[in-house]
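Asker: Before I ask anything, here is the structure I am working with.
The values are calculated or read from the model by the stated rules, or taken from the named source; none is laboratory data. As the structure is a computational prediction, the values presented were derived from the model and not from experiment. Note that each Cβ is placed from the backbone with ideal geometry, even for glycine, and that neighbours are counted across all protein chains shown.
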Amino acid sequence: MDRCVVLVDAGYLLGAAASLLAGEPARSRITVDHAALIQGLRQRAEADTERPLLRIYWFDGAPDRVPQPEHRRLRVMPRVTVRLGALTRSDGRWAQKGVDAAMHAELTELARNRACSDIVLVTGDGDLLPGLMSAKEHGVAVHLWAVQAADGDYNQSEDLVAEADERRVLDRAWITGAVRAKELGGPCAPPPAPRPEIAAILSAPLPETAVAAAAAAAGAGPDADGRPGTNGADRPAPTGERDEPPGEPGSGAARGVPTPKDLAGLGRPQATQSPTVNGNQPAATLRWSSDKGWIERGGPLGEPAETASLPTLAQLTSAEQRWADREEDITAVSGDPFEVGQVFARRWTERLSDTAHLQQLSTEYPRIPHRIDGELLRYAARFGLLAHKDDQIDEHDRYAIRAGFWREVDLRTAAEHSPAGD
């Protein structure tokens, strides 16, 4: 058959591109326009072989062979087939398993079945030498493409180079048509706008009841002068205590910082109340949620009716919108945690019929109501975020997801308040 097929070792192509543009082979150092890259590969293959393209096979590794956002975008592109091997971590480095074997099997099968007349290999691994030689024996012309090496030397197996029928080097100019290096030291996502009410909460003195609960939980009894003393003959007071600012009642007395567990037993003031310390200064109120919902321990810590009434994105989304959302997730959303939070918030805010809900949500900053927060994290899980990395849940992703959510809510809230015509 007078057609050409392209087999791409993504680890080689993108790793070599990162070395060329960013000085190291880490793919995290580059951003890739996959649509432009696939189009470039197709055009170059058809021009070099003078044959129409049958298909591009994209071979890559993924943790547990679970498609990542880039793989999901690639596999819905025309004439692209994605084949995934395992991605494992050993001695602090990621390594692909099964990718070479899959490429070898595809290479020999295509040649044996005479599915094409020309095969383009974008790889540097010498393990594919037997497959390359087998393809030649079946009458297939093998084109070997390399990525320009940063040091000008070979970044391919010399045996592959020697056996290939044709060879081409993809130079820097071609690579930069679809790949660019990330800026050094740049943040992975812009931080959310500062919120002055958070500083007020953090600077507010602790309620006296919370101090007593913290001291009781730590087992520290008061001394004769009223200060938390030692617990036993030689045991010092618990760490984490701090001195009160001068001028406050009980100046000079050390206070224990209560944990969420301590505060859980104290209950939570109603939203309409303004708790005070000594009758004059507002007290700090700590609210939090867990993956299983609001924690309730001996106090009215259920989610308030005001936020419990906020609709979820699923309730606001029609069947047609759900289909369009899924299409956008596959083709346009990169999977960056901050962007994922923004996309979710944009859909939620755009579909609200009552703008009072948006204002109500904004007052809850920085806590996202549990029902919406759980839905947000489930949405993020579609992109492989929140997965176990090095046996630890990536908390950085959680912060970035929620920061993106609040940034979009802030932008939409500002737009609602701006005068018409601005």
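Asker: Evaluate the stretch 92-99: report whether one residue or more is in a helix (DSSP H, G or I), closer than 18 Å to THR123 by Cα and touching a residue at least 40 places away in the same chain (Cβ under 8 Å).
Answerer: Yes; the residues of the stretch 92-99 include at least one that is in a helix (DSSP H, G or I), closer than 18 Å to THR123 by Cα and touching a residue at least 40 places away in the same chain (Cβ under 8 Å).
Asker: For the stretch 113-127, indicate whether the set of residues that are assigned to a helix (DSSP H, G or I) and surrounded by 20 or more Cβ atoms within 10 Å (Cβ to Cβ) is non-empty. Don't jump to the end; show me each part of the working.
Answerer: Here is the first cut: in the stretch 113-127, the ones assigned to a helix (DSSP H, G or I) are 126-127.
Imposing the further condition that a residue be surrounded by 20 or more Cβ atoms within 10 Å (Cβ to Cβ) reduces the set to none.
No - not one qualifying residue is present in the stretch 113-127.
Asker: Quick test of your reading of the structure: ALA135 fulfils all but one of (1) in a loop (DSSP other than H, G, I, E, B); (2) among the hydrophobic types (A, V, I, L, M, F, W, C); (3) modelled with pLDDT of 90 or more. Name the failing condition by number.
Answerer: (1)
Asker: Is it fair to say ALA36 is under 28 Å from the mean Cα position of the chain (by Cα), modelled with pLDDT under 95, in a helix (DSSP H, G or I) and surrounded by fewer than 16 Cβ atoms within 10 Å (Cβ to Cβ)? First the steps, then the outcome.
Answerer: Details: under 28 Å from the mean Cα position of the chain (by Cα): yes; modelled with pLDDT under 95: yes; in a helix (DSSP H, G or I): yes; surrounded by fewer than 16 Cβ atoms within 10 Å (Cβ to Cβ): yes.
Yes, satisfied.
Conditions (1) touching a Cys at 6+ places or on another chain (Cβ under 8 Å); (2) in contact (Cβ under 8 Å) with a residue 12 or more places away in the chain; (3) closer than 18 Å to GLN321 by Cα; (4) not polar (S, T, N, Q), marked per residue:
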position	(1), (2), (3), (4)
VAL343	no, yes, yes, yes
ARG347	no, yes, yes, yes
THR363	no, no, no, no
PRO369	no, yes, no, yes
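Asker: Give the stretch 40-76 a look and list any residue that's closer than 19 Å to GLU106 by Cβ and within 23 Å of the chain's Cα centre (by Cα), or say none.
Answerer: If the condition is that a residue be closer than 19 Å to GLU106 by Cβ and within 23 Å of the chain's Cα centre (by Cα), then TRP58, PHE59, ASP60, GLY61, ALA62, ARG65, PRO67, HIS71, LEU74, ARG75 are the ones that fit.
Asker: If I ask for residues that are in a loop (DSSP other than H, G, I, E, B) and under 15 Å from the mean Cα position of the chain (by Cα), which ones from the stretch 333-356 would you list?
Answerer: In the first step, residues of the stretch 333-356 are kept if they are in a loop (DSSP other than H, G, I, E, B); the result is 333-336, 351-354.
Answer for the stretch 333-356, where residues must be in a loop (DSSP other than H, G, I, E, B) and under 15 Å from the mean Cα position of the chain (by Cα): VAL333, SER334, GLY335, ASP336.
Asker: Quick check on the stretch 385-392. Is at least one of its residues at pLDDT 85 or above, surrounded by fewer than 19 Cβ atoms within 10 Å (Cβ to Cβ) and either in a helix (DSSP H, G or I) or hydrophobic (A, V, I, L, M, F, W, C) (or both)? Even if it seems obvious, please write down each step before you answer.
Answerer: Taking the stretch 385-392 and keeping what is at pLDDT 85 or above, we get none.
No, the conditions are met nowhere in the stretch 385-392.
Asker: What is the number of the single condition among (1) at pLDDT below 95; (2) surrounded by fewer than 19 Cβ atoms within 10 Å (Cβ to Cβ) that PRO52 does not meet?
Answerer: The single condition PRO52 does not satisfy is (1).
Asker: Restricting to the stretch 138-160, what's the tally of residues that are under 15 Å from ASP9 (Cβ atoms) and not in a loop (DSSP other than H, G, I, E, B)?
Answerer: So the answer is 7.
Asker: Mind listing just one residue for me: the one in the stretch 338-371 that is crowded, with 17+ Cβ neighbours inside 10 Å and touching a Phe, Trp or Tyr at 6+ places or on another chain (Cβ under 8 Å) and, of those, farthest from PRO311 (Cα to Cα)?
Answerer: The qualifying residue farthest from PRO311 (Cα to Cα) is VAL340.
Asker: For the stretch 139-153, give me each residue that is more than 33 Å from the chain's Cα centre (by Cα) and touching a residue at least 12 places away in the same chain (Cβ under 8 Å). Spell out the reasoning first.
Answerer: Taking the stretch 139-153 first, the residues more than 33 Å from the chain's Cα centre (by Cα) are 139-144, 152-153.
Scanning the stretch 139-153 gives GLY139, VAL140, ALA141, VAL142, HIS143, LEU144.
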